[in-house]
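The values are calculated or read from the model by the stated rules, or taken from the named source; none is laboratory data. Bear in mind the structure is a predicted one, so any value in this text is a computation, not a measurement. Positions of Cβ are generated from backbone atoms using ideal geometry, with glycine treated the same way; all protein chains shown enter the neighbour counts.
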């Protein structure tokens, strides 16, 4: 009997097998669409290298027409591939969709998820990435939920292995601006992504994100030098300027910021989140902004950021 070639090749980079990976594999077995293979790339296969190298290795081994990338701490909804199989058209090079907080995450993880999914928390730059929003074409999306046409992936030589994170930003930019193709965000292509608990693990994750996004704002400005990414740094510089200049009217932007925080807090409560969870998320937002803003500036003026393998935790990649 001739075995059919799978339509999708699901590629998961991981340092070693974890409880989250086992959870991912369990959910993949429940997929409504069955034409897929799973490629788990561990250190035993690739060595202690970046996720980008592991994903490229997986792509070389893949037999499917489409490469479906997941992180080692994420799992797809039951109809993830079923919905994706209906959305690819000739002009679509890749699909992506919301990365939602799993219902089983603890309150500190859920607080981090609320920060990412709220408009003020993400600066409007990534709200659609972490909550269900209307479909749209995008030019930058994380590889935790990214499905790419293999032929186009190979045309741009896959992921840039000199960056982590950020390799997905470069890949998306190459697909859209070099190949002149489209990446479709669709609300039915859903993945659940475990969050880093507030506050220390949450900030550890943001460290690399902020440094690389700041660096990319200088070297890849087309997709990274955008107001949503700049706002936290502008907030930091604004507060820093208080030491030098602070007439009464100068406080107006700060009052507006606290008003927006208050609106977010009330929005969390009205959405059914508990008082404690809403409070944790609201407090974490300004801390996140200031921390991100400082590191974004540092990243912007850093000449080169290199990948160095990190120690592992139960999630495989520390903060990945």
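Does segment 11-18 contain at least one residue that is in contact (Cβ under 8 Å) with a residue 40 or more places away in the chain, assigned to a loop (DSSP other than H, G, I, E, B), within 20 Å of residue 95 (Cβ to Cβ) and touching a helix residue (DSSP H, G or I) at 6+ places or on another chain (Cβ under 7 Å)?
no
I need every pair where a residue in segment 297-312 that is surrounded by 10 or more Cβ atoms within 10 Å (Cβ to Cβ) has its Cβ under 9 Å from the Cβ of a residue that is part of a loop (DSSP other than H, G, I, E, B) and modelled with pLDDT of 90 or more, sequence separation at least 6 or different chains.
Filtered contacts from segment 297-312: no entries.
Matching residues to (1) free of Cβ contacts under 8 Å to residues at least 24 places away in the same chain; (2) in a helix (DSSP H, G or I); (3) within 26 Å of the chain's Cα centre (by Cα); (4) surrounded by fewer than 17 Cβ atoms within 10 Å (Cβ to Cβ):
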{"site": "250", "(1), (2), (3), (4)": "yes, yes, no, yes"}
{"site": "253", "(1), (2), (3), (4)": "yes, yes, no, yes"}
{"site": "267", "(1), (2), (3), (4)": "no, yes, yes, yes"}
{"site": "272", "(1), (2), (3), (4)": "yes, no, yes, yes"}
{"site": "277", "(1), (2), (3), (4)": "no, yes, yes, no"}
{"site": "291", "(1), (2), (3), (4)": "no, yes, yes, no"}
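In this structure, is residue 105 surrounded by fewer than 22 Cβ atoms within 10 Å (Cβ to Cβ) and either under 22 Å from residue 29 (Cβ atoms) or out of contact with any strand residue (DSSP E or B) (no Cβ under 8 Å at 6 or more places or on another chain) (or both)?
Details: surrounded by fewer than 22 Cβ atoms within 10 Å (Cβ to Cβ): yes; either under 22 Å from residue 29 (Cβ atoms) or out of contact with any strand residue (DSSP E or B) (no Cβ under 8 Å at 6 or more places or on another chain) (or both): yes.
For residue 105, the condition - surrounded by fewer than 22 Cβ atoms within 10 Å (Cβ to Cβ) and either under 22 Å from residue 29 (Cβ atoms) or out of contact with any strand residue (DSSP E or B) (no Cβ under 8 Å at 6 or more places or on another chain) (or both) - is met.
Among the residues of segment 143-161, count how many are assigned to a loop (DSSP other than H, G, I, E, B) and either in contact (Cβ under 8 Å) with a residue 60 or more places away in the chain or surrounded by 22 or more Cβ atoms within 10 Å (Cβ to Cβ) (or both). Explain how you work it out, then say what you get.
Going through segment 143-161, the residues assigned to a loop (DSSP other than H, G, I, E, B) turn out to be 143-144, 156-161.
Checking the rest, the ones that are also either in contact (Cβ under 8 Å) with a residue 60 or more places away in the chain or surrounded by 22 or more Cβ atoms within 10 Å (Cβ to Cβ) (or both) come to 143-144, 158-161.
Counting residues in segment 143-161 that are assigned to a loop (DSSP other than H, G, I, E, B) and either in contact (Cβ under 8 Å) with a residue 60 or more places away in the chain or surrounded by 22 or more Cβ atoms within 10 Å (Cβ to Cβ) (or both) gives 6.
Looking at residue 25 and the list (1) under 22 Å from the mean Cα position of the chain (by Cα); (2) touching a residue at least 40 places away in the same chain (Cβ under 8 Å); (3) under 20 Å from residue 99 (Cα atoms), which single condition is not satisfied?
Checking residue 25 against (1) under 22 Å from the mean Cα position of the chain (by Cα); (2) touching a residue at least 40 places away in the same chain (Cβ under 8 Å); (3) under 20 Å from residue 99 (Cα atoms), the one that fails is (2).
Which is in the same structural domain as residue 149 (by TED's automatic domain parsing), modelled with pLDDT under 95 and under 21 Å from residue 104 (Cα atoms), of 28, 22?
One residue alone meets the criteria, 22.
Name the helices (runs of 4 or more DSSP H) wholly within segment 37-130 that hold at least 1 residues that are closer than 30 Å to residue 228 by Cα?
On the way: elements: 43-46, 51-61, 80-87, 107-117.
Qualifying helices (runs of 4 or more DSSP H): 51-61, 80-87, 107-117.
Taking the criterion of being in a strand (DSSP E or B), touching a strand residue (DSSP E or B) at 6+ places or on another chain (Cβ under 9 Å) and within 20 Å of residue 74 (Cβ to Cβ), would at least one residue in segment 162-172 satisfy it? Before the answer, list the steps.
Of the residues in segment 162-172, the ones in a strand (DSSP E or B) are none.
No - not one qualifying residue is present in segment 162-172.
All but one of (1) within 23 Å of residue 66 (Cβ to Cβ); (2) in contact with a strand residue (DSSP E or B) (Cβ under 7 Å, 6 or more places away or on another chain); (3) at pLDDT 95 or above hold for residue 158; state the number of the condition that does not hold.
Only one criterion is unmet by residue 158, namely (2).
Which numbered condition trips up residue 78, out of (1) closer than 24 Å to residue 131 by Cα; (2) surrounded by 20 or more Cβ atoms within 10 Å (Cβ to Cβ)?
Just one mismatch for residue 78, condition (2).
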